[in-house]
Amino acid sequence: MAKTFDKLAYNSLNDFVYGSAPNPVKTKHGLVIGGGAIYPELNFTLPPMEVTAANMPEIKQIYSEMIDGVLKRAVELHAPGLVVEFEMLPEMTLVPEWGIEVNNILVNAIAEYHAKYGLKGALRSTPGDVREFKRPPVQRSGEIYQNLLRTIEGSAKGGADFIAIETTGGKEVHDEALVNADLTKVIFALGIMGTRDMKFIWEKIVEISNANGAQAAGDTACGFANTAMVLAHKGFIPNVFAAVVRVASVARTLAAYEAGAVGPNKDCGYEGVYCKAITGSPIAMEGKSAACAHLSAVGNIAAAVADLWSNESVTNVRLLSDIAPVVSIEQLIYDCRLMNLAKEKGYGVTFRDLLADSDSKWDPQAYVLRPDVVLDISKDLIKAKTPFLRTKAGAKLAIDKIRKAVDNNEIIIAEREKPWLDIMDNQVEAIPDDEEKFWHEIKGELELDKFIPSEYELK
Amino acid sequence: MAKTFDKLAYNSLNDFVYGSAPNPVKTKHGLVIGGGAIYPELNFTLPPMEVTAANMPEIKQIYSEMIDGVLKRAVELHAPGLVVEFEMLPEMTLVPEWGIEVNNILVNAIAEYHAKYGLKGALRSTPGDVREFKRPPVQRSGEIYQNLLRTIEGSAKGGADFIAIETTGGKEVHDEALVNADLTKVIFALGIMGTRDMKFIWEKIVEISNANGAQAAGDTACGFANTAMVLAHKGFIPNVFAAVVRVASVARTLAAYEAGAVGPNKDCGYEGVYCKAITGSPIAMEGKSAACAHLSAVGNIAAAVADLWSNESVTNVRLLSDIAPVVSIEQLIYDCRLMNLAKEKGYGVTFRDLLADSDSKWDPQAYVLRPDVVLDISKDLIKAKTPFLRTKAGAKLAIDKIRKAVDNNEIIIAEREKPWLDIMDNQVEAIPDDEEKFWHEIKGELELDKFIPSEYELK
Amino acid sequence: MDLNQLSLAVQKGNAAKVKEIVNEALAQKVSPSEILNTGLIDAMSVVGEKFKNNEVYVPEMLMSAKAMNAGMQVLEPILTSTGVKPIGKAVIGTVKGDLHDIGKNLVRMMLKGAGIEMYDLGIDVTAEAFLAKAKEVQADLVCLSALLTTTMPYMESVVKEFEKAGVRDQFTFVIGGAPVSESYAKSIKADYYADDAVVAVDVAKKILAQKK
Amino acid sequence: MDLNQLSLAVQKGNAAKVKEIVNEALAQKVSPSEILNTGLIDAMSVVGEKFKNNEVYVPEMLMSAKAMNAGMQVLEPILTSTGVKPIGKAVIGTVKGDLHDIGKNLVRMMLKGAGIEMYDLGIDVTAEAFLAKAKEVQADLVCLSALLTTTMPYMESVVKEFEKAGVRDQFTFVIGGAPVSESYAKSIKADYYADDAVVAVDVAKKILAQKK
Ligand SMILES: [Zn+2]
Ligand SMILES: [Zn+2]
Ligand SMILES: [Zn+2]
């Protein structure tokens, strides 16, 4: 299933718009994602409670309550379709039966609403990357790894439409790199460790998904670029740094597509916009209507080229109106209604540009999601020939693009952010193009008790 | 301060758009509402806890936490301005000191953020209409009534920009009328009881507000038309009935403006769109980003001609990202950003129509908020000469308009809703134009222990 | 005699017809409790089902309830004299500090339609008032309503008042209102949560059936 | 001798310079505890303040912490031999079932920078492990981190484990993490909630000052 991507999926910026992807994906109940319209993707999680065998009956009941509330409201609001994401808690992958049982509850509820009301629902099942439960993580063998694969297989067999995951290979180095705003190590973690792990694990995911009736959807640099985003939001690291990490993470997420994933990419992977530009696969994104899960600087712009519009995650806490998942689905449906109507009336590109322009000057993290910037950078990024070189190129291209935008007053950044552009530039400059050479240069600076080099084909 | 409105504030549908009102209102820190841009209006309330003297220290601390969180996030997101609504809990009006103390905390926080960051914040203080605490309610005298006035006075003196209220005069009859879907009694309750009480109480509110440095903002048919909306949402009464109640409620809310209110009208008063068409005063509205407080059929269309965009109300429950009020302000700010940019780029009317068209065919309650429908109905409604006749005219005009839209497939309603158009039509038809006559006709059918006729100048 | 006609008259909300058939049935020596159960209460169950299936609105349900009441007025003196008791008794009210009564009134009307004797204490009701009335009428159910986050904690005060008086276990508490939930009911040791008036009827019937 | 230069070197994150000045100061017989408090710990307070005022980022703070550590390495043997103790000891970890460690690590580094001896148990830590280590090192503080709604209840299990062992009152619990809040801390009977690493330092200092 290995694919290579060496040119953009788009010829014109005008085609690069929400709801439409060159390679749409069709679900079991007939929902076409990327086929013209944008649909909601609803995610929910448990309220404060432990995931134990004793709690499983209650847990299943909570998921039932959430899915029923969400589907009921979707029907009431005449939503034509939606995707539900089941992001498993760690224990639900460590004990595959638990994840699979909940997976099946959701599959059945979706089928029931399709039969009764014609609602085209689909399920994205997202096991947790529990391989990091052991420290240092064993990425390619052992019981935990086997349970991850079993959970994927069981979810697919149980009827999930999509399999997604937030993999974390390379995080062992990346966390430290982030809090130290060390771009060299970020690029090592993403470009060598991350992309190698992605290739390995996504070939497995594609194989198991395909063999069991599900589609391999996509990954997210959540543990990398979103951690950077959160740190920047708290003022821990510069926004420009987080923005560069985002683009540096593209090649890592892209590796899933090279291994045969078909989309939709996972909601929290904002770098998905680059993957869409390069692969033509549809993507999920999250913005203002995911504020329940995390605040962000990309509330509107995140929707500009999205094919699914997500709330990221809510617990079923009770708000004044209803439980939070129902509140979320209502907000997402109204957002999608508006965007779809704009498109139908011929204002798709206009609306996309309003979404982009309304955010892009306030934060470099928003700026690098601009559709024009995405196509521009992607075009050059794919000229690099390996995942590692694309990671490095992504960082460099982002730095240059941001610098230019700052100079042209297209982005407003704090004075203290500015020196970081030079700092990062110098760091990237010094990174060799040869992976082995880079590994031997950097080895001495890494905490080698934190990861197992051989799990990343490093000696 | 008595005013009369006998023509529309608009000559052209193209001018009737969000963010702009013919008679804008300016706040103490210089925010102009209705001056071109739409701003967020943020409301919050207490989590489950009793309002008692013993709890007041904690209550004040919770309000402090909420206002600080909201203002901080507004600054981070570069919001140019916002209105905060302090909707008092009943005890905070029954014991004016309590309401005033919290009012002052909010005033001070807003002033601090204006001084430090230039954020143009404004406070809308909304005492509760506690007159109904006694049953049957004493509307125009007594201790409770005096405390209501004292709370208004104290809030205005304390520095609130706006005074609003949700009055409930007539609800004694209206509640019963609603659950029985009895339009005759609805019109009596709104058109005679409600409008008379409004005239009385709003003359007081205008006088006290003006004398103490605040502006008298507006009212809402919350206890009337929103109760109808909620009952319709639950399937208790027909949606067409709720839609007709909405338009029948216009004359009641309008009475505040006749008494000298200047806006912005209160968020939950969806009939505010009619008041804006008639008076030219700005209005607050709430839709999809108020889903935390109540689900609705008007998620997008509610914004079409709004000048403030509100979340209605949230408690400070903690979500995964932050406390709910912070989540709300983030969503509102992004909504407003997008709408304001659309306007700046010349797409104001286009965006307004997208908002309206995306909802209006799915529910008659949405349909009657369409800007074109609002201007059409308002034009005829103000031909009626008294508040009562306007109430009756509103109902009749709404029935006719909805019927036509159903016939033209501009609204999709359930088959079982359709007979209600005739039922309502017959009921309105039978109502005499003379108020005294109506009262004597209907008297026998009312539960006369539920209200005091003389409080409504009825004998 | 075919009580089906009576049931249909209740379902259609035809009070005059209901009265007429009840009188006719009594003349024909149909047992009063059969008239009550087969003719009136079952009819209201049918109406409740129709409501759940989105076939009728609340106003239609209320008309049926009124028609049923018309029949009850004829029946009651006879039921009392023959020792037939109501299927249960309930005290209902909106708790202290809270003025919302529309939902509470609906529950009252629906429970009455289900044949339960209702004692409505109105709004802004203290714990003491709930306790006094529940003891006085020997209620089976105590139904509490609250619509504000700031009044719902008072529901717990009511339950505690009953505990303090040592009579908690003699009554079954059913609570409802927008901010209230199943888990809140559990947390304050109320017995049941009812989402709306129709669910309240199901819950009440279940409780009263268990008590038998 | 002017310890201001030392403070500046820490603030600038210049480890080599810090070492040099500490050695120089010792040679000039400045008391080790004065070097520690005036030169090193106060410098970190300044850095913390700058962070709060958005003047520096975390990486800069971490460089200062490293520079301080360089100084500590010189100082520690002397402090130990003269009987000067660290201002406090803390055990820290992310609770069972939870893999998030970036926030926990930041807290560890910041507390260390404040002069507190840190024992990091890592992630996925059981209640038993927290208890054993806290008792072993006679910790002042036990710092718990959780980032999932499904692992935060385990914090309560940790507190209970200490209660069960009858040593709850010998330790002060500080908890943190995205889903955690002040009121949650209260509800599980933890002592303090810290919003982020910088707040954690303030809280820890307050606790240790009170203990004296
Ligand atoms: Zn994620
Ligand atoms: Zn309201
Ligand atoms: Zn409001």
So for each of A:103-109, A:331-337, B:294-300, A:248-254 I average, over its residues, the number of other beta carbons within 10 Å; can you give me the resulting order with the highest mean first? A:248-254, A:331-337, B:294-300, A:103-109
If you rotate chain C onto chain D, the residue of C with its Cβ nearest that axis, and the gap in whole angstrom, comes out as C:187, 6
Please state the relative contact order of the stretch C:132-201 as a whole percent: Cα pairs under 8 Å, 6+ residues apart? 33
How many angstrom separate the Cα center of the stretch C:1-26 from the Cα center of the stretch D:104-154? 74
With -39,500 (n - 2.57) per DSSP H segment of 4 or more residues and division by the full residue count of chain A, the 222 nm estimate, nearest 500 deg cm²/dmol, is -15000 deg cm²/dmol
For residue A:285, other-chain or 5+-apart residues with amide H closer than 5 Å (H placed, Pro excluded) are A:307, A:308, A:309, A:310
If the label point sits 7 Å along Cα→Cβ of residue B:385, residues of the stretch B:413-452 with amide N under 18 Å come out as B:432-438
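What is the sum of charges, Lys and Arg at +1 and Asp and Glu at -1, for the other residues whose Cβ falls under 12 Å from the Cβ of residue B:76?
0
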How shielded is A:328-339 by partner chains, expressed as the average number of their Cβ atoms within 10 Å of its Cβ atoms? 6
State log₁₀ I(q)/I(0) for the stretch C:4-81 at q = 0.17, 0.28 Å⁻¹ as given by the Debye formula over alpha-carbon point scatterers of equal weight, solvent excluded. -0.56, -1.29
Cα-based shape type of the stretch A:1-147, given that a ≥ b ≥ c are square roots of the gyration tensor eigenvalues and the cut on a/c is 1.5: oblate
Mean Cβ neighbour count within 10 Å, used as a protection proxy, ranking C:105-113, C:184-192, B:71-79 highest first: C:105-113, B:71-79, C:184-192
So for the stretch D:88-211, using the alpha carbon gyration tensor with a ≥ b ≥ c as root eigenvalues (a/c under 1.5 gives rounded; past that, a/b versus b/c decides prolate or oblate), I'd call it rounded
Relative contact order for chain C: what percent, with Cα pairs under 8 Å and sequence separation of 6 or more? 17
Shortest first and in nm to one decimal, what separations exist between residue C:1 and its copies in the other chains, measuring from label points 7 Å along the Cα-to-beta-carbon line? 11.2
Calc'd 3J(HN,Hα), the stretch B:371-388, phi into Karplus 6.51 cos²θ - 1.76 cosθ + 1.60 (θ = phi - 60°), Hz, glycine/Pro = x, comes to x, 5, 5, 4, 5, 4, 5, 4, 4, 7, 4, 6, 5, 5, 8, 10, x, 5
Stokes-Einstein diffusion coefficient for the protein assembly as shown at 10 °C in a medium of 1.306 mPa s, Rh from the Kirkwood formula over Cα pairs: what value in µm²/s? 48
Using the 2.2 N^0.38 Å rule of thumb for compact globular proteins, work out how the stretch A:338-422 stacks up: its C-alpha Rg over that value, please. 1.28
Quick query: amide H of residue A:82 versus all other amide H atoms, modeled in the peptide plane; which residues come in under 5 Å with a sequence gap of 5 or more or a different chain? A:120, A:121, A:122
Using r as the Cβ-Cβ distance of residue B:210 and residue B:376, and R0 as 30 Å, what FRET efficiency do you calculate, to the nearest 0.05? 0.30
Most positive-pole-ward Cα, C:126, B:406, B:324, against dipole of the protein assembly as shown from beta carbon charges: B:406
Test item: Cα-centred dipole of the protein assembly as shown, Lys/Arg +1 and Asp/Glu -1 on Cβ, debye: 120
Which FRET efficiency value, to the nearest 0.05, is calculated for residue C:12 and residue C:163 with the Förster distance at 56 angstrom and r the Cβ-Cβ distance? 0.75
Values of log10 I(q)/I(0), in the order q = 0.08, 0.10, 0.13 Å⁻¹, for chain A under a Debye, Cα-only, solvent-free model: -0.42, -0.66, -1.16
Measuring from the longest principal axis of the C-alpha atoms of chain C, the long axis of helix C:58-81 (C-alpha) lies at a number of degrees, nearest 10, equal to 80
Among B:138-145, D:55-62, A:173-180, D:202-209, what's the highest-first ranking by average C-beta atoms within 10 angstrom per residue? A:173-180, D:55-62, D:202-209, B:138-145
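In the protein assembly as shown, what % of DSSP beta bridges are antiparallel (nearest 5)?
On the way: 8 of 90 bridges.
Bridges in the protein assembly as shown are about 10 percent antiparallel.
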Can you compute the helix-only [θ] at 222 nm over chain D? Use -39500 (n - 2.57) per DSSP H run of at least 4 residues, normalise by all residues, nearest 500 deg cm²/dmol. -17000 deg cm²/dmol
What net charge do the residues around residue A:31 carry, taking every other residue with its C-beta under 12 Å from that of residue A:31, with Lys and Arg at +1 and Asp and Glu at -1? +1
For residue C:105, what charge total do you get from the other residues with a beta carbon under 9 Å from its beta carbon, if Lys and Arg give +1 and Asp and Glu give -1? -2
What residue of chain A sits with its beta carbon nearest the rotation axis taking A to B, and at what distance in whole Å? A:317, 3
With θ taken as phi - 60° and the coefficients 6.51, -1.76 and 1.60, list the Karplus ³J(HN,Hα) couplings across the stretch B:18-27 in order, rounded to whole Hz; mark glycine and proline as x. 4, x, 10, 10, x, 10, x, 10, 10, 8
Please work out whether the stretch A:204-333 counts as rounded, prolate or oblate from its C-alpha gyration tensor, where a ≥ b ≥ c are the square roots of the eigenvalues and a/c under 1.5 means rounded, while otherwise a/b larger than b/c means prolate and anything else oblate? oblate
Label-point gap, in nm, between residue A:68 and residue D:26 - each point 7 angstrom along Cα→Cβ: 7.1
Put a label point 7 Å from Cα along the Cβ direction on residue D:82, then list its distances to the equivalent points in the other copies in nm, shortest first. 10.3
R0 = 45 Å: FRET efficiency of residue B:6 with residue B:75, Cβ-based, nearest 0.05? 0.50
Exam field: residue B:23 pseudo-label spacings to other copies (7 Å along Cα-Cβ), nanometres: 6.1
Using the Karplus equation 6.51 cos²θ - 1.76 cosθ + 1.60 (θ = phi - 60°), what ³J(HN,Hα) coupling, rounded to whole Hz, does each residue of the stretch B:304-309 give in order, writing x for Gly and Pro? 3, 10, 6, 10, 10, 10
Amide H contacts under 5 Å for residue C:88, restricted to residues at least 5 apart in sequence or on another chain and with H modeled in the peptide plane, are C:117
Gap in Å between the Cα centre of the stretch B:259-308 and the Cα centre of the stretch A:6-30? 38
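FYI, it's all coordinate maths here, none of it is from the lab. Model, not experiment: these values are computed from the prediction. Using ideal geometry, Cβ is built from the backbone for each residue, glycine included, and neighbour counts are taken over all protein chains shown.
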